[in-house]
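Here's the structure we're looking at; comments come further down.
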Amino acid sequence: MAPETHTFHFSVREATVTLQDISIIWALPIEGNLITGVDIKWTTQQWQNYCHQWLGFRPNENAFKHSRIKLSALLDWLLNNTCDDESPFNDVLQEARVCVMCIIGGILCPDATGNTVSLLHLRHMEIIDEERPSNWGTTVLVYLYRELCMASQRGKTNIGGAMQLLQIWAWSRIITLAPIPSNNAADLMPTVIDVENILPIPPYAARFLIILAQPDGPANEDGPA
């Protein structure tokens with residue numbers, strides 16, 4: 001990979017992950033409010049108060065790493081505190097924020113350790129505006145570029161970023177590596193294309209869920225997976 005252009009060099013051509021890929025594979029918005037910010041030098045008690053206000057609980061001191069919080073603290077709270085039809089609306093919003101933080105730290109923008117998520121993301125969920133969605137597609141792509149560049153440096157052994165998205169992106173370009181339905185697999189979902197018959201309607205990644213969920217497992221063109 002060339003860090004200057006974030007381009008993968010194949011034997012036949014060059015390719016790179018683009019915003020269009022993000023939109024098609026994961027159906028993330030690539031327009032709207034940009035996710036920006038500056039790291040905040042708060043004390044642990046200040047972060048505890050902030051979490052209590054917007055997430056609905058006060059994590060233990062050992063759950064924090066500066067401005068990051070352990071995913072295990074968020075997951076433990078979700079497992080022991082669930083909303084129902086009678087829950088106040090503010091409680092539902094707080095639980096929704098916890099769920100989104102888990103998705104960000106576990107799938108969209110995981111760090112190299114895979115066990116913490118930045119609380120700076122929470123600042124963009126204080127007010128949930130359905131009319132002006134946040135541009136999470138650009139955020140995911142920028143974070144992936146950053147992690148790929150850092151992982152290419154000498155001495156690096158771990159990598160973060162949206163690896164699931166990168167894998168599906170690679171499957172769409174290196175067909176011999178992609179899983180395909182076995183002979184006994186059920187029919188896939190209908191392939192829906194746009195009005196110009198060029199691109200599949202997002203999310204493209206959803207079709208792989210059906211392939212990988214087959215009882216007898218997926219296969220590639222070289223044999224069983």
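No value in this document is a laboratory result; all are computed from the given coordinates. Nothing here was measured: the structure is a model prediction, and the numbers come from that model. Virtual Cβ from ideal backbone geometry, glycine too; neighbours counted across all protein chains shown.
Structure notes:
- The GluC sites (Glu not before Pro) of region 83-186 meeting both criteria, a DSSP state outside H, G, I, E and B (loop) and at most 15 other C-beta atoms within 10 angstrom of the site's C-beta, are 86, 126, 130, 131.
- For residue 40, nonlocal amide neighbours, meaning residues 5 or more places apart or on other chains whose placed amide H falls under 5 Å from its own, do not occur.
- Here the Karplus curve 6.51 cos²θ - 1.76 cosθ + 1.60, taken at θ = phi - 60°, turns the phi angles of region 132-146 into couplings of 10, x, 7, 7, 6, x, 5, 4, 4, 5, 4, 5, 5, 4, 4 Hz, with x standing for Gly and Pro.
- Scanning residues 5 or more positions from residue 68 or on other chains, those with amide H under 5 Å from its amide H are 119, with H placed 1.01 Å from N in the peptide plane.
- Mean Cβ count within 10 Å, highest first, over the residues of peptides 26-37, 64-75: 64-75, 26-37
- 3J(HN,Hα) along region 162-172: 7, 5, 5, 5, 5, 5, 5, 4, 5, 4, 6 Hz, from the Karplus curve 6.51 cos²θ - 1.76 cosθ + 1.60 with θ = phi - 60°, whole Hz, x for Gly and Pro.
- Contact order for region 44-133, expressed relative to its length and based on alpha carbon pairs under 8 Å spaced 6+ residues apart, stands at 28 percent.
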